[in-house]
Amino acid sequence: MKKIAILGITGSVGRSTVNIVRNHSDEFTIVLASSHNNYSELFNLAAEFNIPNLVLTNKTQAEKITGLPENSKFYRGSEDLQQLIAELEIDLVLNAISGSAGLISSLTTIRSGIDLALANKESLVLAGHLIESELSQSSSNIIPVDSEHSAIFQAISSTPLEQVRFLTLTASGGPFLNLPLKKFNNITLEDTLNHPTWNMGNKVTIDSATMMNKALEVIEAHWLFKKPIAEIDAIIHPQSIIHSFVKFIDGSLLAQMSFPDMQLPILYALTYPDRLASDISETDLFSLPELTFSKIEKERFPLYFLGREIGIESGLLPTIMNAANEAAIDLFLNRKIRFVDLSKLITHTIENESNIDAPDLDTILQTNVDIYNKVKQDYKNILK
Ligand SMILES: NC(=O)c1ccc[n+]([C@@H]2O[C@H](COP(=O)([O-])OP(=O)(O)OC[C@H]3O[C@@H](n4cnc5c(N)ncnc54)[C@H](OP(=O)(O)O)[C@@H]3O)[C@@H](O)[C@H]2O)c1
């Protein structure tokens, strides 16, 4: 029985993971689970799965709660979460927290020598160099959960990385792939949250519509697979059947295919290096749609190209970009700015900040908060 912790259990990836545990209760037991605000779902899951340790990471909210579950210990705030990760007997932590808030838990997991099933791509975007250094001193391994990175991980298998020539991530193109550019000013929040192939949390769905998500994934792939960003790119593949390609030095190209369902890469991350029989995705070749590929248009998806450049520049800039993006997304979700303003706010922020090479953790965390607050405060002036 594998003892797992699910961080961000109430989110889209968290719920998909729960579904796997529900269907394989003889394989996995949940020893720790966290959510940020949604305590009612957390408590319901604790009752269903007998989860002994629960954390609500929003401490202010957690302190107000009455009517705690009888059979679970309840903890409040991120510090408690870090302590539990370090102290409990856990075989694998699945980090499905959204955004930069996931970084600390990734670091704690690695420092504790526990394997990390990583959905939280922002951990690597902000602090890939620190994670790489912690991994070199730890028995922990990262198993990617993002479908594109899981595909690459599976295709590379045990091939030495120097025999890998190029990585190509696929992108669905999101809801605005074919929208005439002149209509971009009228895009609504509802249009943006209506992703054509994947059902995900709000932040990653908006990132998919701007394709900032794909830039974050290129940076994630750079750290996971130790390839320069010049050897990683993305292409549009609207059907989301092929999740990535790996080209090897002999010219051979391997792809991983399945109908889009996050449960498959999550299951692989939970069972790696083994595979478990499941009926999640029967990829029947005769029912596949026609598979098409195209290049990403710069005018339509400027944030993909900006994000990739920022990944190449590296240092503190990915943190600055990510914080500006998280603030801009919050503003958009609260209907304070338009879709087209997302890229204006992020570009302006990057142009007005300077880079630092190999920042330490305190600098990353402080910059993350400062830039987020600055964009939230100044957005009206920036957009004037
Ligand atoms: N969704 C997908 O299909 C998908 C695919 C690949 C990769 N990913 C990546 O996986 C991560 C999670 O995505 P998601 O779509 O599952 O997100 P989501 O649906 O928004 O869920 C986020 C989870 O994190 C918790 N959370 C939110 N803010 C937090 C904070 N400040 N501190 C601690 N916990 C916090 C939420 O708790 P509450 O519910 O209480 O707010 C929820 O449990 C992201 O990094 C995303 O890029 C997602």
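The values are calculated or read from the model by the stated rules, or taken from the named source; none is laboratory data. Since the model is a prediction, treat every value here as computed from it, not as a measurement. Note: ideal-geometry Cβ built from the backbone for every residue, glycine included; neighbour counts use all protein chains shown. Accessible surface areas use protein heavy atoms only, side chains included; no ligands, DNA or RNA. Shrake-Rupley method; radii C 1.70, N 1.55, O 1.52, S 1.80 Å.
Couplings 3J(HN,Hα) of the range 163-172, computed from phi: 8, 9, 8, 7, 10, 10, 8, 9, 9, 5 Hz, in residue order, whole Hz [Karplus 6.51 cos²θ - 1.76 cosθ + 1.60, θ = phi - 60°; x for Gly and Pro]. For THR363, the accessible surface of its heavy atoms amounts to roughly 40 Å² (probe 1.4 Å, protein chains only, rounded to the nearest 10). Putting +1 on Lys and Arg Cβ atoms and -1 on Asp and Glu Cβ atoms, find which of ILE329, GLN61, ALA277 reaches farthest to the positive end of the dipole of the chain. Of the listed residues, the answer is ILE329. Taking label points 7 Å from Cα along the Cα-to-Cβ direction, ASN199 and GLU79 give a separation of 3.9 nm. In the context of the full set of protein chains, residues of the chain present 45 Å² of accessible surface per residue (probe radius 1.4 Å, heavy atoms only). Could you please state how large a percent of the accessible area of the range 298-346 is carbon and sulfur, counting protein chains only and using a 1.4 Å probe? After summing per-atom areas, the C and S share lands at 47 percent. Around the amide H of GLN256, modelled in the peptide plane, lie the amide H atoms of HIS243, SER244, all under 5 Å away and 5 or more residues distant in sequence or on another chain. The charge dipole of the range 2-144, taken about its Cα centre with unit charges on the Cβ of Lys, Arg, Asp and Glu (plus for the first two, minus for the last two), comes to roughly 260 debye.
Working from Cα pairs under 8 Å separated by at least six residues, relative contact order for the chain is 14 percent.
Per-atom-type breakdown for the range 2-144 gives carbon and sulfur 42% of the accessible area (1.4 Å probe, protein chains only). Can you tell me the relative contact order of the range 2-144? Whole percent, Cα pairs under 8 Å, sequence separation 6 or more. Over the range 2-144, the number comes to 21 percent. Computed with a 1.4 Å probe over protein heavy atoms only, the accessible area of ASP250 comes to about 120 Å². Using a probe of 1.4 Å on the protein chains alone, the accessible area found for GLU134 is around 40 Å².
Computed over the Cα atoms of the chain, the ratio of the radius of gyration to the Kirkwood radius (Rg/Rh) comes to 0.95. Counting only Cβ charges, +1 for Lys and Arg and -1 for Asp and Glu, the dipole size of the chain around its Cα centre is about 1060 debye. Across all Cα pairs in the range 115-200, the calculated P(r) in 10 Å bins from zero up to the longest distance comes to 13, 33, 29, 18, 7, 0 percent per bin. Rounded to the nearest 5, what % of the DSSP beta bridges within the chain are antiparallel ones? Once the DSSP bridges in the chain are tallied, antiparallel ones form about 25 percent. Between LEU126, LEU317, LEU135, the residue with the greatest mean-square fluctuation in the GNM of the chain (Cα pairs under 10 Å linked by springs) is LEU135.
The range 67-119 and the range 287-322 have Cα centres spaced 30 Å apart.
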